[in-house]
Amino acid sequence: MKLPKFTKSFYFLFSLFFLVWMLFIDANDLITQFQLKSQKDNLEDEKAYYLEKIEEVKKDRQELLSNDELLEKFAREKYFMKKESEDLFVIVEEEE
């Protein structure tokens with residue numbers, strides 16, 4: 001098999017070596033770039049999810065601070081708060 005003359009050129013061989021090095025051997029090879037892009041996409045999805053949750057919490061907080069009845073209900077259910085004249089019973093279901 002006879003190779004074309006340009007394949008014996010120093011510049012061609014060096015360019016080929018450089019291309020192989022950059023695509024497969026270097027720390028920033030194609031596989032690493034693909035993994036980093038995938039990780040970046042996942043982190044951007046998580047960021048969007050958490051930004052949405054932050055907006056929901058801000059909305060709920062605003063509702064709680066503007067409505068005394070909701071605030072009282074939240075305090076009773078979440079933190080087991082009660083009025084002085086009341087007795088508090090907490091029912092815990094046993095697992096089988």
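What whole-number value in Å² describes the accessible area per residue of the chain for a 1.4 Å probe?
104 Å²
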| Spatially proximal lysines relative to residue 58 (Cα-Cα < 23 Å; intrachain offsets below 8 disregarded) | 47, 73, 78
| Angle, helix 68-79 long axis vs. longest principal axis of the chain, Cα atoms, 0 to 90°, nearest 10? | 70 degrees
| request: For the chain, with all protein chains present and a 1.4 Å probe, just round the carbon and sulfur fraction of the accessible area to a whole percent. | output: 60 percent
| Under a 5 Å amide H to amide H cut-off, with H placed in plane at 1.01 Å, what residues pair with residue 29 once short-range neighbours are removed? | none
| Dipole of the chain [Lys/Arg +1, Asp/Glu -1 at C-beta], most positive-end residue of 35, 75, 1 | 1
| remark: Expected unfolding gain across residue 63-residue 90 under the 0.36 nm per residue rule, minus the alpha-carbon gap, is 7.1 nm
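Rounded to the nearest 20 debye, what is the charge dipole size of the chain about its Cα centre when +1 sits on each Lys and Arg Cβ and -1 on each Asp and Glu Cβ?
1620 debye
The values are calculated or read from the model by the stated rules, or taken from the named source; none is laboratory data. Being a predicted model, the structure only gives us computed values, none of them experimental. We place every Cβ from the backbone using ideal geometry, glycine too, and count neighbours over all the protein chains shown. Please note that ligands, DNA and RNA were not included when accessible areas were found on the heavy atoms of the full protein model with its side chains. Shrake-Rupley method; radii C 1.70, N 1.55, O 1.52, S 1.80 Å.
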